[in-house]
Amino acid sequence: MVIKVQFLIKFFFILLASLFILGCQDVIIENNDPNLSIQAGKYFYKGKTFSGKIRQENLIAKEEYITSFKDGLEEGEFIARKKDGQLLEKRFFKNGQKVGIHRSWFPNGNNRLYSEFDNGKYINDRWEWYDNGQPATFEKFDKEGRILVSKKWYQNGNIYMNVSFTKNGASVGLPGSKICNPIKPSEKIPLE
């Protein structure tokens, strides 16, 4: 009798712990779920604002995208991966706005994009690369999101545009100028 009671108590606690753990898991639904809808820019599931994750599969590219939501808006992490698990993109959102560092990589593992956001606006540095590792674009933004500098390169590494912007938005510089000197990535940007 004592053994049966001890077994029932252990079983009950295991059941409660399992329900607690499962209850803390994010809800993941497919993007084509018929219960999912968008109204006025918010996601709803079965008529209630959605909190959880939405999974989308791209069968042709063999990729999977998972976006986190809270109260119907993007909140937290967005991840894009190849089906074999290779990370392709990582972004962050708060209240539906881009925030923090956004990164993406080419399938060969080289950097594709690096950008920083604050409340949906670019800030600080923004980089784009070609799949061969050469820089394609560098832009510098102030903390209000105004562009300060824009540089562009050909895939062979030759720069073809180098422009600075004044506070009123006017540009200074010469597209295609041969006097442009390439710049190197900032020390603070983790390129790998």
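Quick look at the values:
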{"item": "Segment 57-77, subset under 21 Å from S37 (Cβ atoms) and polar (S, T, N, Q), residue farthest from the chain's Cα centre (by Cα)", "result": "S68"}
{"item": "Condition met for E128 (on the phi < 0 side of the Ramachandran plot, surrounded by 13 or more Cβ atoms within 10 Å (Cβ to Cβ) and not hydrophobic (A, V, I, L, M, F, W, C))", "result": "yes"}
{"item": "Strands (runs of 3 or more DSSP E) completely within segment 52-116 that count 2 or more residues being surrounded by 16 or more Cβ atoms within 10 Å (Cβ to Cβ) and among the aliphatic types (A, V, I, L, M)", "result": "73-82"}
{"item": "Any hit, segment 26-33, residues being under 22 Å from the mean Cα position of the chain (by Cα), acidic (D, E) and at pLDDT below 95", "result": "yes"}
{"item": "Only one of E128, E139 that is under 30 Å from R55 (Cβ atoms), in a strand (DSSP E or B) and modelled with pLDDT of 95 or more", "result": "E128"}
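Conditions tested, residue by residue: (1) more than 30 Å from E139 (Cα to Cα); (2) acidic (D, E); (3) in contact with a Lys or Arg (Cβ under 9 Å, 6 or more places away or on another chain).
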position	(1), (2), (3)
L36	yes, no, yes
Q56	yes, no, no
E63	no, yes, yes
G96	no, no, yes
N119	no, no, yes
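The values are calculated or read from the model by the stated rules, or taken from the named source; none is laboratory data. Computed from a predicted model, the values in this text were never measured in an experiment. Counting neighbours? That spans all protein chains shown, and the Cβs are built from the backbone with ideal geometry, glycine included.
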